[in-house]
Amino acid sequence: MSVAVVGGGLAGITAALALADAGRDVSLYEGRGWLGGLTHSYRHGEIEVDNGQHVFLRCCEAYRRLLARLGVTDRVALQPRLSIPVRSAATGRTARLRRAPLPAPAHLAGSLLRYSPLRPGQRLRFIQAALALRRVDPSDPATDEQSFGDWLSAHGQSPRAVSALWDLIGVATLNAPAPHASLALAATVFQIGLLTKASAGDIGWSLVPLRRLHGEPALQHLSAAGARVYTGARVESVRPRGDRWTIGVRGDEHVVDQVVLAVPPAAAQRLLPAGLPFPPGWAEQLGSSPIINAHVVYDRPVLDGPFLATVESPAQWIFDRTAQAGEAVPAGGQYIAVSLSAADDLVDLPTAQLREMLVPELAKLLPAARGAGVLDFFVTRERHATIRQGPGSGRLRPPPGAVAPGLAIAGAWTATGWPATMEGAVRSGEAAAAAVLSTVEHVPAEVAR
Ligand SMILES: Cc1cc2nc3c(=O)[nH]c(=O)nc-3n(C[C@H](O)[C@H](O)[C@H](O)COP(=O)(O)OP(=O)(O)OC[C@H]3O[C@@H](n4cnc5c(N)ncnc54)[C@H](O)[C@@H]3O)c2cc1C
């Protein structure tokens with residue numbers, strides 16, 4: 001049976017690998033010149049740059065399965081025990097969110113009770129609200145209609161507690177501040193990542209540029225599994241033809257038995273055949289939310305440790321990228337990326353203005369940056385990093401899997417039970433592949449007899 005997978009991001013890669021491993025005749029079509037989708041790398045001068053810093057959690061089991069299938073688990077770091085240094089730009093003090101060897105949710109209680117960006121009363125109220133969040137049912141459609149911000153204020157959380165703790169995690173994982181985030185998705189993130197299993201929230205990151213973690217190994221493994229991979233192959237149409245499908249690409253038509261459409265919502269809306277139960281304009285309603293990264297090369301080390309989260313600062317999260325960047329970072333220098341999620345107000349600012357804003361901010365946060373020379377400063381902007389994960393977004397997210405006979409959808413934007421993340425993308429790819437594989441193979445009548 002032949003299957004066309006359209007889209008070579010993590011969702012498409014996962015589906016294509018699962019189908020090729022199961023013996024299907026797989027062709028993967030990717031519009032760009034590389035695999036990996038929203039997780040990719042390019043060269044800025046001699047420096048290897050990722051389009052944006054990516055992290056995962058120990059609980060991202062589907063994503064970690066993909067890493068294992070690609071043979072790259074030795075190319076990521078995974079904390080043995082969750083530990084997040086959090087520095088205040090106002091006071092320069094560093095608090096640490098760290099798990100103790102206790103079952104959840106007690107594993108975080110000690111570090112929360114000492115969390116200096118909040119006053120003692122705020123810390124206690126945070127713990128009470130976190131315990132209440134454990135009881136919220138994310139699968140109830142009514143939960144998704146509520147704003148996380150409203151829920152937090154109804155549970156005694158001050159603007160200070162929201163910005164210094166809830167949004168520290170929430171903005172980075174939901175790509176939206178609490179008032180604009182769905183309660184269902186926020187509850188999912190906090191319940192799975194922090195409140196249910198102690199080890200779930202341990203943080204992982206790539207030790208190599210993302211292209212060497214996803215896109216390049218995927219190309220190798222897909223080819224080895226017998227799949228054909230076409231890059232630079234933008235699919236223009238997907239149409240039913242009898243009980244088969246026609247894929248239009250570069251003016252040619254390819255006929256296949258089944259299709260997995262693993263493209264972002266706007267492309268899916270264009271390509272899905274008419275007559276499916278999607279509300280008009282659903283992709284625009286789902287919308288998208290930007291993430292930008294400011295990349296700064298210093299002439300000396302400025303950041304201790306692999307990353308730093310910040311409060312009372314626009315800098316959000318800062319990552320050391322020196323080792324991933326290759327030899328091009330001058331000896332003795334350091335390359336850091338400042339990851340700015342929910343960047344609606346920043347995405348259109350000129351690089352010079354971002355530099356004017358962020359370099360002094362980094363000097364406030366990182367004492368060693370005060371006298372340091374900035375050798376390079378540049379910005380990567382991803383306008384459609386994730387869907388807009390606001391209240392009511394769940395209604396617009398169809399489940400991954402079959403949408404018509406022989407046609408399945410995948411993508412981090414589908415209803416995977418997760419926010420739009422690498423884990424969601426891989427889960428959706430697994431679900432789409434399972435839907436394709438569950439279709440009984442058509443056996444010609446004379447053979448069946
Ligand atoms: C800057 C940034 C930071 C992020 N940080 C994190 C993080 O820390 N942790 C995390 O878990 N997630 C993070 N994410 C989100 C994560 O990258 C995505 O959720 C995930 O990679 C999406 O995978 P996907 O396969 O669903 O979609 P995509 O990666 O968008 O893949 C879809 C593919 O389809 C292709 N395509 C589109 N139209 C066509 C067509 N007509 N024909 C052929 N191909 C087509 C596209 O070129 C693309 O390659 C981040 C995203 C960004 C941008």
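The values are calculated or read from the model by the stated rules, or taken from the named source; none is laboratory data. Every value quoted in this text rests on a predicted model; they were computed, and no experiment measured them. Here the Cβ is made from the backbone with ideal geometry for all residues, glycine too, and neighbour counts use every protein chain on show. To get the accessible areas, we keep the full protein, side chains included, count just its heavy atoms, and leave off ligands, DNA and RNA. Shrake-Rupley method; radii C 1.70, N 1.55, O 1.52, S 1.80 Å.
Counting each DSSP H run of 4 or more residues in the chain as -39500 (n - 2.57), what helix-only mean residue ellipticity at 222 nm follows after dividing by all residues, to the nearest 500 deg cm²/dmol?
Working: 15 runs with 127 residues, N = 449.
Here the helix-only value at 222 nm equals -8000 deg cm²/dmol.
Given +1 at the Cβ of Lys and Arg, -1 at the Cβ of Asp and Glu and no other charges, the dipole of the chain around its Cα centre is 1160 debye to the nearest 20. Amide H contacts of L407: V259, each under 5 Å away and 5 or more positions distant or on a separate chain (H built 1.01 Å from N in the peptide plane; Pro and chain starts excluded). Here S111 sits with roughly 10 square angstrom of accessible surface, probe radius 1.4 Å. With an a/c value of 1.5 or above and a/b not larger than b/c for the gyration tensor axes a ≥ b ≥ c computed over the alpha-carbon atoms, region 96-201 is described as oblate. Based on the alpha-carbon gyration tensor of region 233-389 and its eigenvalue square roots a ≥ b ≥ c, which shape applies: rounded if a/c is under 1.5, prolate if not and a/b is larger than b/c, or oblate? Since a/c reaches 1.5 and a/b is larger than b/c, the shape of region 233-389 is classed as prolate.
What do you get for trypsin sites (Lys or Arg not before Pro) in region 98-195 restricted to DSSP loop and a cutoff of at most 16 other Cβ within 10 Å of the site's Cβ? Please list the in-between numbers first.
On the way: sites: R98, R99, R114, R123, R125, R134, R135, R160; in loops: R99, R114, R134, R135.
Passing sites in region 98-195 are R114, R134, R135.
Sequentially through region 271-278, phi angles give Karplus couplings (6.51, -1.76, 1.60; θ = phi - 60°) of 8, 5, x, 5, x, 8, x, 9 Hz, Gly and Pro residues having no value and appearing as x. When DSSP beta bridges are restricted to pairs lying wholly in the chain, around 75% turn out antiparallel.
Sites listed here are trypsin sites (Lys or Arg not before Pro) in region 221-286 whose DSSP assignment is loop and whose Cβ has at most 12 other Cβ atoms within 10 Å: R250.
What does the C-alpha gyration tensor say about the overall shape of the chain? Classify as rounded when a/c is under 1.5, otherwise prolate if a/b is larger than b/c, or oblate. Prolate.
Sorted by accessible area with a 1.4 angstrom probe, largest first, how do M422, M1 fall? Present the calculation step by step, with values, prior to reporting the outcome.
On the way: M422 20, M1 55 Å².
Sorted by accessible area, descending: M1, M422.
The phi torsions of region 185-199, fed into the Karplus equation with coefficients 6.51, -1.76 and 1.60 and a -60° offset, translate into couplings of 5, 5, 4, 4, 4, 6, 5, 6, x, 10, 10, 10, 10, 4, 7 Hz, rounded to whole numbers, with Gly and Pro shown as x.
Between the DSSP loop rule and a limit of at most 13 other Cβ atoms within 10 Å, which GluC sites (Glu not before Pro) in region 315-392 are left? Qualifying residues, ordered by number: E327.
Please list D74, D376, D137 from largest to smallest accessible area, probe radius 1.4 Å, with all protein chains kept in place.
Working: D74 120, D376 50, D137 75 Å².
Sorted by accessible area, descending: D74, D137, D376.
Rolling a 1.4 Å probe over the protein heavy atoms gives the chain an accessible area of 42 Å² per residue.
Here the 3J(HN,Hα) profile of region 348-362, calculated from phi with Karplus coefficients 6.51, -1.76 and 1.60 at θ = phi - 60°, is 9, 6, x, 4, 4, 5, 5, 5, 4, 7, 8, 4, x, 5, 5 Hz, Gly and Pro shown as x. Taken along the Cα-to-beta-carbon direction at a fixed 7 Å, the label points for D25 and E61 span 3.6 nm.
Which one, A22, I169, L102, is farthest towards the positive end of the dipole of the chain when Lys and Arg carry +1 and Asp and Glu -1 on their Cβ? The listed residue farthest towards the positive side: L102.
Using a probe of 1.4 Å, the accessible surface attributed to W205 totals some 40 Å² when neighbouring protein chains are kept in position.
Surface composition of the chain: carbon and sulfur make up 55 percent of the accessible area, probe 1.4 Å.
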